[in-house]
Amino acid sequence: MENIRAKKSLGQNFLKSRKALEAMVAAGGVSAGDTVLEIGPGQGALTEKLLETGADVIAIEKDDRLIAVLEEKFAEAMRDGALRLVHADVLEEDIAALGLKNHGYKLIANIPYYITGQIFRKFLSGNIQPTKLVMMVQKEIADRIVARDGKESLLSLSVKAYGTPKKIMKVEKENFSPQPKVDSAILLVDDISKDFFDDLDEKRFFGILKAGFAHKRKILAANLKEMAEKRGGKNLSVIFSALPLAAKARAEELSLDDWKKLAVVL
Ligand code: SAM
């Protein structure tokens with residue numbers, strides 16, 4: 001493996017910390033009989049820990065050089081059927097074609113940070129959701145996702161609409177090779193479902209959320225003015241006082257439930 005150069009374009013920063021690897025497996029509560037989808041197995045550090053639990057692992061890796069390394073390292077697990085290696089780009093892969101069922105697997109991944117948002121979208125708002133998602137993310141992103149009490153964002157609410165996020169631990173950049181520029185954190189999104197959207201249209205909800213956060217400097221009512229006008233000239237001050245919401249409330253001050261109430265009446 002030493003003679004394979006890490007590809008920057010594929011975000012290859014390999015995790016060296018045993019503590020962090022074990023924390024990812026523990027955060028997912030991975031045990032024998034589980035099916036785990038691992039994205040970006042790299043040199044197999046996390047794959048090895050996952051296999052030790054007795055779980056069945058499907059690992060998707062884009063780099064063909066690493067596929068060769070993994071095939072050699074895990075020949076036995078592949079023969080036993082405990083590990084299935086898929087050489088593909090996860091963003092283009094059809095999850096159903098892998099045989100995964102909605103809520104029938106856990107997603108564990110140490111992926112390049114530039115695809116964090118796309119992974120969230122694909123696996124949280126898609127129709128084949130995992131039950132839990134454990135992902136290494138940039139530390140600031142983890143902090144933004146778990147933020148509450150007046151510090152919500154489009155990102156935090158988009159995750160909370162589908163599950164319960166929890167920051168498991170900070171992982172300093174020194175724990176990766178090659179060393180990235182930023183610190184990381186292990187993020188768990190637990191209890192993933194679409195229950196929040198049982199009586200609420202998903203598209204409509206995100207439409208309102210995006211409009212509400214469109215202009216940072218404006219108060220929420222100003223951001224929603226155009227949308228309210230388009231929807232039959234709804235009176236925002238009447239709606240706000242009925243909910244109730246402060247007339248000058250800012251988008252980041254509303255909880256997920258406030259947004260739901262707003263989406264229902266708007
Ligand atoms: N899991 C390993 C670890 O913990 O050391 C490797 C982590 S490294 C940050 C990211 C891995 O994701 C690399 O192996 C890279 O080749 C792979 N990767 C990057 N983009 C990918 C994509 N779109 N689909 C699948 N794998 C990808």
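Summary table
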read-out: Segment 27-58, subset in contact (Cβ under 8 Å) with a residue 40 or more places away in the chain and in a helix (DSSP H, G or I), residue farthest from the ligand (Cβ to nearest atom); value: 27
read-out: Hits in segment 120-153 (condition: surrounded by fewer than 16 Cβ atoms within 10 Å (Cβ to Cβ) and outside any loop (DSSP other than H, G, I, E, B)); value: 121, 140
read-out: Hits in segment 145-177 - residues which are among the hydroxyl-bearing types (Ser, Thr, Tyr) and touching a strand residue (DSSP E or B) at 6+ places or on another chain (Cβ under 6 Å); value: 164, 177
read-out: Hey, residue 21 within 11 Å of the ligand (Cβ to nearest atom), under 20 Å from residue 90 (Cα atoms) and either open to solvent by less than 40 Å² (accessible area, probe 1.4 Å) or within 19 Å of the chain's Cα centre (by Cα) (or both) or not; value: no
read-out: Answer residue from segment 195-230, given it is more than 30 Å from residue 128 (Cα to Cα) and out of contact with any helix residue (DSSP H, G or I) (no Cβ under 8 Å at 6 or more places or on another chain) and is most open to solvent (accessible area, probe 1.4 Å) among those; value: 217
read-out: Counted residues, segment 57-76 - those being in contact with a helix residue (DSSP H, G or I) (Cβ under 9 Å, 6 or more places away or on another chain) and open to solvent by 20 Å² or more (accessible area, probe 1.4 Å); value: 3
read-out: Residues satisfying the stated conditions in segment 77-103, i.e. open to solvent by 60 Å² or more (accessible area, probe 1.4 Å), part of a loop (DSSP other than H, G, I, E, B) and more than 10 Å from the ligand (Cβ to nearest atom); value: 94, 101, 102, 103
read-out: Filter result (among the small types (Gly, Ala, Ser) and either part of a loop (DSSP other than H, G, I, E, B) or in contact with a Lys or Arg (Cβ under 7 Å, 6 or more places away or on another chain) (or both)) within segment 202-221; value: 214
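The values are calculated or read from the model by the stated rules, or taken from the named source; none is laboratory data. None of the values given here were measured: they were computed from a predicted structure. Please note: Cβ atoms are built from the backbone with ideal geometry, for glycine as well, and neighbour counts cover all protein chains shown. Each accessible area value is taken on the protein alone, full model and side chains, heavy atoms only, with ligands, DNA and RNA left out. Shrake-Rupley method; radii C 1.70, N 1.55, O 1.52, S 1.80 Å.
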